[in-house]
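As structure tokens, the structure follows; a few thoughts come after it.
Values quoted throughout were computed directly from the atomic coordinates according to the rules given, and no laboratory measurement underlies them. On a predicted model such as this, the values are computed, not experimentally measured, just so you know. As a convention, Cβ positions derive from the backbone with ideal geometry for all residues, glycine included, and neighbour counts pool all protein chains shown.
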Amino acid sequence: MTLTPARASAAAAHALLRRTRCFAAADRIRKASRAFSSAPAGASEPQDGLEKVGGVRAGDDELDVAIVGGGMVGLAVACALSNMPLTKHLRVAVIDSNPALKSTNYLKKDGIPDSRVSTVTPATISFFRDIGAWEHILQQRHAFFGKMQVWDYTGLGYTRYNASDVCKEYLGCVVENKVLCNSLLLRLQEQKEDIEKMVYPTRLVSLAFPSKSRNVGVAGLKPPSTEAEELRRSNLVKLDLSDGQTLYSKLVVGADGSKSNVRQIAGIKTTGWSYPQSAIICTVEHTAENDTAWQRFLPSGPIALLPIGDNFSNIVWTMSPEEASRHKSMSSEDFVMSVNRALDFGYGPHPNSSSLDHYVERLFSDFGGTAASTKECFEVPPRAIGLISERMAFPLSLMHSHDYVSKRLALVGDAAHTVHPLAGQGVNLGFGDAAALAKVISEGVSVGADIGDLSLLNRYENDRKGANVAMAAVLDGFQKMYSVDFGPLNVLRAAAFHGAQYISPLKKNIISYAMGDRKSPLFS
């Protein structure tokens, strides 16, 4: 039977789509070597992300990747994809109504630091360097720290950590969230001349995922170009935006936070619970520069003092919602007095070393050498002399998505998981998601796979889920362990502090895990 031109065109389009959807087994994917800086030998680099189907060029409203959420993690995904040789041609859009996404300049260093900060680990810093964004952070306010002290209000134990314990220059860097976002935007502007076309300053209204029942018309009754266009779009996600625009994308990335609209529309369930705690964040001032991260566990929750540059520090103080309300409404002078009391003489005495501690130190010194910080004595944190920002309070919770991916969808950052902030690891888990997802997409492109195919996206979930669950479990365990004031448990906590301070192999393992150098908290 002779095919009409219309039917021949539709048949060609159908055959191409079938080939695109058929993704081979995972072992056929070649591992991308240095994915953020070079392409595999022999890999072809498409000129743009607008492919032709049935002889028809894809429209301007069709994307390869639509990122819903222009916060730190969403921008990191966009920046990573724009920086990698195999994915920089892809059509990527960031959908977010935040006017800050129009920023084009460095933020001034001489202003008052914002209260919303993140402690980024060396692993995150390495990722930012790979995608070319770290150099922009160095031009704005940031504070490296190489020492950390953690102790208990009972005075029974303390632990000090030093970057030199694991032969590193620093343990982490405290950066304002707005600086992280701005640096990623500046890097995107370097990579994309038409970044205005990449950022959609609007909100997502609805998503429609591909389904077998979607009507694509009857072959032969429409022009070949129309049939091919409908057939192609029937396999894409349809995104309706609040400004009336409609987009179509091969892959949607949900980076829209813990109350993710994308996750809810996709019907992905979560497990989690609210903690009976809230966190107060603010910025305080000292008489001299602070170069150490401090954390003290109090009966109602931990208080952290984090350096943010010059003579400023950030406060993250966990307490009951009632206490948070009271501390938020008290005068600035009374609040500063409360902070100093919590970090120094309040609730209990300063911890001291004993002869037993030094015996334990010598006992374990033969296993990998003695860490330098085991000989460091307890120090009193610098006193705050003034409150220089507003106090913000927010409730704390744990949440984990049952699935990170479905066909043509991937969740990253807080849309996939939230954790207790006591170790400042939440945003680092999100940046780990961004790096892993971009790498998987690059691997898919390298073998001609459909980047929205579930078998490809499962590689991202398999890579990240175990590490994220492990960190969530560790932080949840700490929260529960330090939320009870009970004699025998206090002794157990003290033993944990002493072990982390004087058993060098344990100390080094803890530092490496917190820095992001390993995915498991267990010895390996």
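If we count every other residue with Cβ under 11 angstrom of R203's Cβ, Lys/Arg +1 and Asp/Glu -1, where does the sum land? Could the numbers behind the result be given before it?
Numbers: positive: none; negative: D96, D240, D243, D256.
Residues near R203 contribute -4 overall.
A Cβ-based charge dipole, computed about the Cα centre of the stretch 403-473 with Lys and Arg at +1 and Asp and Glu at -1, lands at about 40 debye. Size of the stretch 378-492 from its Cα atoms: along the principal axes, largest to smallest, the extents are 58, 40, 28 Å. Its Cα gyration tensor gives the stretch 111-158 an equivalent ellipsoid. The semi-axes, each the square root of 5 times an eigenvalue, are 29, 15, 8 Å from largest down.
Rg/Rh, computed from the Cα trace of the stretch 137-204 with Rh as the Kirkwood radius, has the value 1.24.
Across q = 0.17, 0.23 Å⁻¹, the stretch 270-324 modelled as identical point scatterers on its alpha-carbon atoms has Debye log10 I(q)/I(0) values of -0.60, -0.86, in the order of the q list. Stokes-Einstein diffusion for the stretch 235-358 at 10 °C, viscosity 1.306 mPa s, with a Kirkwood radius from C-alpha pairs, works out to 84 µm²/s.
Rounded to the nearest angstrom and ordered from largest down, what semi-axes does the equivalent ellipsoid of the stretch 426-494 get from its C-alpha gyration tensor (root of 5λ)? Write down the numbers at each step before the final one.
On the way: eigenvalues 323, 18, 10 Å².
Ellipsoid semi-axes (Å, largest first): 40, 10, 7.
Which pairs in the list K269/K439; K109/K147; K407/K480 are over 31 Å apart, alpha-carbon to alpha-carbon? Spell out each step's value before the answer.
On the way: K269/K439 26 Å; K109/K147 23 Å; K407/K480 37 Å.
In this structure, K407/K480 lie more than 31 Å apart at Cα.
Our summary gives the stretch 401-524 a relative contact order of 22 percent, counting only alpha carbon pairs under 8 angstrom and 6 or more residues apart.
Seen from all sides and averaged, what is the projected area of the convex hull of the Cα atoms in the stretch 85-213, in nm²? Intermediate results must be reported in sequence, preceding the final value.
Numbers: hull surface 56.2 nm².
Average projection, Cα convex hull of the stretch 85-213: 14.1 nm².
With contacts taken as Cα pairs under 8 Å at a separation of at least 6 residues, the stretch 272-356 carries a relative contact order of 28 percent.
Extension gain for A473-S258 works out to 75.6 nm (0.36 nm per residue, less the C-alpha to C-alpha distance).
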